[in-house]
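Structure first, commentary second.
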Amino acid sequence: MNIQKALLSLLCAFAFSGYAQKIPPRSYVAHRIETPLNIDGKADEQEWKEAAFSQPFIDIESEKIPKYETRVKMLWDEENLYFYAELNEPHIWATLKQRDTVIFYNNDFEIFIDPDGDTHNYYEFEMNALNTVWDLLLVKPYRESAPVLDSWDIQGLQTAVSINGTLNDPTDTDTGWSVEIAMPWSVLVEASGSNDLPADQFWRINFSRVNWDFELNEDRYSRAQDASGNYLPEYNWVWSPQGVINMHEPEHWGYVYFSSKPLGETESFSIPVDEQIRWKLYEIYRKQKDFYNTHKAWAEDLDDLDAASFEIEGKIVKPEINTHKMGWTIFVESPFTGYMYSIREDGKYLKID
């Protein structure tokens, strides 16, 4: 299957879906460093040794514990955002060697980045144990059927893999593989709405690991198939659970706070209370989608969506809806900060200054 056909299949697989934000997304504090890191996949530098690991990955739907552990670390400097991940794996294999092929047909490690948190214009990155990468930019989530910019590249990207075992050798048992990645800020800030580095700010980021049951054909690894020749379903393990088998719901991704404090200094970060407004507006957005699927028209009254008001931290919030020929926009004023927020029919979320 070529890339365009694979993307088309994704458009079908990731048609509208979603769930209410039942538990808060996870968060991580990435500290600033002064010395650039050597990208070799091993994380031998003192900076990596001092950086904290994330919580272990969990099943994408948030309940099952994966059979192999995965953890990540993050750091940043003036030039790059750095990632390091350790993936436990008793059989390390990979076959795809062409850049920008569909890497998740192998076991892979994936990064998703939405700098401004509006769920539009976000980045996806994947790599396998052969250090083959796939980077792309999504104008909107698949649920909105927007263009996928597969030819987009992270210019200046650095990646490396370290194998603790032997690659593509079924005769032994491996320990795992690790990846190290440097992404230039000059590329990442393009979708952030600002050319400034996000010092002491947060971005929405998530990580995914796709893992397949395998079979051997003359000692060559491949994805396992059932008796009818269909591939067995993959495992999806993530850092911050999505609640649904779909990475392309950016509103559920985790929060990464870029601390300007050096490693060793304590930095506390709590997800701002206004973010609960964001989560609630995406619930209403999904209700509007369901309403349209049933009635072939948008709800013009929030009572029809059981969304005329909602409570956050003991305060009642009353959204307003404005419908028009092209769709609708819902507005909310935060009772905590006084900021105004909006969401529209294609899911774009805005803070109105």
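Every number in this text was worked out from the coordinates using simple rules, so none of it is lab data. Quick caveat, the model's predicted, so the values are computed rather than measured. Please note: Cβ atoms are built from the backbone with ideal geometry, for glycine as well, and neighbour counts cover all protein chains shown.
Along segment 193-208 the Karplus relation, 6.51 cos²θ - 1.76 cosθ + 1.60 evaluated at θ = phi - 60°, assigns HN-Hα couplings of x, 7, 8, 7, 5, x, 4, 6, 10, 10, 10, 8, 9, 9, 10, 9 Hz to successive residues, with x for each Gly and Pro.
Taking the C-alpha atoms only, the angle from helix 275-295 to the longest principal axis of the chain is near 80 degrees. Scalar couplings 3J(HN,Hα) for segment 83-92, obtained by applying the Karplus form with A = 6.51, B = -1.76, C = 1.60 to θ = phi - 60°, are 10, 9, 9, 10, 10, 5, 6, x, 9, 8 Hz; x denotes Gly and Pro. Remark: spin-label model distance T166-L216 equals 1.1 nm, labels positioned 7 Å along the Cα→Cβ axis. Entry note, the chain: the mean residue ellipticity at 222 nm calculated from DSSP H runs of n ≥ 4, each adding -39500 (n - 2.57), is -3500 deg cm²/dmol after division by the residues and rounding to the nearest 500. In sequence order, segment 116-121 has phi-based couplings of 9, x, 8, 6, 10, 6 Hz under the Karplus curve 6.51 cos²θ - 1.76 cosθ + 1.60, θ = phi - 60°, and Gly or Pro positions carry x. Under 17 Å from a label point set 7 Å out along the Cα-to-Cβ vector of Y231, the amide N atoms of segment 133-167 belong to 133-135. In this structure, D44 and E265 have a Cβ-Cβ separation that, at R0 = 22 Å, corresponds to a calculated FRET efficiency of about 0.45. Among the GluC sites (Glu not before Pro) in segment 187-230, those located in a DSSP loop and surrounded by at most 15 other Cβ atoms within 10 Å of their own Cβ are E218.
Inverting the pair-averaged 1/r between distinct Cα atoms of segment 34-134 gives 15.5 Å as its Kirkwood hydrodynamic radius. Remark: spin-label model distance V139-Q201 equals 2.5 nm, labels positioned 7 Å along the Cα→Cβ axis. Taking amide hydrogens as placed 1.01 Å from N in the peptide plane, the amide H of Y122 sits under 5 Å from those of L138, each at least 5 positions away in sequence or on another chain. Find out how many positive minus negative residues lie around S162, taking Lys and Arg as positive, Asp and Glu as negative, among other residues whose Cβ is under 11 Å from that of S162. Counting the neighbours of S162, the net charge comes to -3.
For the residues L87, L302, L216, a GNM of the chain with alpha-carbon springs under 10 Å puts the largest fluctuation on L216.
Distance from the Cα centre of segment 155-231 to that of segment 63-135, in angstrom? Here the answer is 3 Å between Cα centres. When you restrict to C-alpha pairs under 8 Å that are six or more residues apart and normalise by the size of the chain, the relative contact order lands at 20 percent. With the simple spin-label model, which puts each label point 7 Å out from Cα in the Cβ direction, the K325 to D59 separation comes to 4.9 nm. What lysines does K22 reach when the alpha-carbon gap must be under 17 Å and sequence neighbours fewer than 8 apart in one chain are set aside? Within the straight-line cut-off, K22 pairs with K64, K280, K287. Cross-link partners for K348 among the aspartates and glutamates, with Cα-Cα distance under 14 Å and sequence neighbours closer than 8 places in the same chain left out: D114, D116, D118, E144, E249, E251, E283. Across every pair of non-identical alpha carbons in the chain, the mean reciprocal distance, once inverted, gives a Kirkwood radius of 21.5 Å.
Taking amide H atoms as placed 1.01 Å from N in the peptide plane, the amide H of V317 lies under 5 Å from those of F310, E311, I312, each 5 or more residues away in sequence or on another chain.
For K42, the lysines whose Cα comes closer than 28 Å to its Cα, not counting residues fewer than 8 places off in the same chain, are K67, K73, K97, K261. Pairs of Cα atoms nearer than 8 Å and 6+ residues apart set the relative contact order; for segment 85-169 it is 28 percent.
Distances between placed amide hydrogens fall under 5 Å for V133 paired with D100, all partners being 5 or more residues away or on another chain.
Loop-located trypsin sites (Lys or Arg not before Pro) in segment 253-353 (DSSP state not H, G, I, E or B) with no more than 13 neighbouring Cβ atoms inside 10 Å: K296, K325.
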